[in-house]
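Read the structure below first, then the notes.
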Amino acid sequence: MATYTLPELPYDYAALEPVINPQIIELHHDKHHAAYVKGANETLEQLEEARDKEAWGAINGLQKNLAFHLSGHILHSIYWHNMTGDGGGEPLAADGVGDLADAITESFGSFAGFKSQLTKAAATTQGSGWGVLAYEPVSGKLIVEQVYDHQGNVGQGSTPVLVFDAWEHAFYLQYKNQKVDFIEAMWAVVNWQDVAKRYAAAKERADVLLLAP
């Protein structure tokens, strides 16, 4: 029985128009995300076989494959829920996400400063990658991380709460090679309610992630 399964989209393919067209959503979810799920499950099977046979010649490649596919699955699972056709703007107390808004201001000085940093981090990934807003449990603050492929410049123990997919398959059919235009457009579909829930959940379990009391 497979360990990982492809989650259903929380909306239909056309829900994020005009920011992301239906063809991109369909291909991105049904083909690309599905491939990461399949890859993670297959790699787990290969690691089980390696343990049974005590055959560790390919261990480095298998561990790298597991990290790549599993991280791809996790980041995409967050990505779909981070977006909504009714999203955008900035988090406000009036919308019930005041704690998140305050944390962004405390961590980055202002929403504008945060938006600029995450936009630049996502848009300047070398090749394929992600821009990520994460809760960092040691400081108790939010940080922006730049992820290459599905792994990269991340603080160990940090929890992603908002992710911007900057792989070409996320935008090329619509935005061609204009990655920056896609990242700028993404701000119009951010689901701040989902981000706020993830932030609250990350804070609640922070104590179990700390290295020392």
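Quick notes on this one:
- Residue within the stretch 117-126 that is open to solvent by 30 Å² or more (accessible area, probe 1.4 Å) and either touching a residue at least 40 places away in the same chain (Cβ under 8 Å) or on the phi > 0 side of the Ramachandran plot (or both) present: no
- The stretch 92-116 - residue that is open to solvent by 20 Å² or more (accessible area, probe 1.4 Å) and in a loop (DSSP other than H, G, I, E, B) and, of those, farthest from I183 (Cα to Cα): G96
- Residue within the stretch 58-67 that is part of a loop (DSSP other than H, G, I, E, B) and either out of contact with any Ser or Thr (no Cβ under 9 Å at 6 or more places or on another chain) or more than 29 Å from W192 (Cα to Cα) (or both) present: yes
- Any hit, the stretch 5-24, residues being in a helix (DSSP H, G or I), open to solvent by 80 Å² or more (accessible area, probe 1.4 Å) and free of Cβ contacts under 8 Å to residues at least 12 places away in the same chain: no
- Set K141, K115, K197: member being farther than 20 Å from G88 by Cα and of a type outside the set (G, A, S): K141
One line per residue, one yes/no per condition, for (1) within 22 Å of A40 (Cβ to Cβ); (2) not charged (D, E, K, R):
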site	(1), (2)
V97	no, yes
D102	no, no
E106	no, no
F114	no, yes
L118	no, yes
S128	yes, yes
L133	no, yes
S139	no, yes
L142	no, yes
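The values are calculated or read from the model by the stated rules, or taken from the named source; none is laboratory data. This one's a predicted model, so the numbers in the text were calculated from it and none came from an experiment. Positions of Cβ are generated from backbone atoms using ideal geometry, with glycine treated the same way; all protein chains shown enter the neighbour counts. Remember, those area values only see protein heavy atoms, side chains included, never the ligands or the DNA or RNA. Shrake-Rupley method; radii C 1.70, N 1.55, O 1.52, S 1.80 Å.
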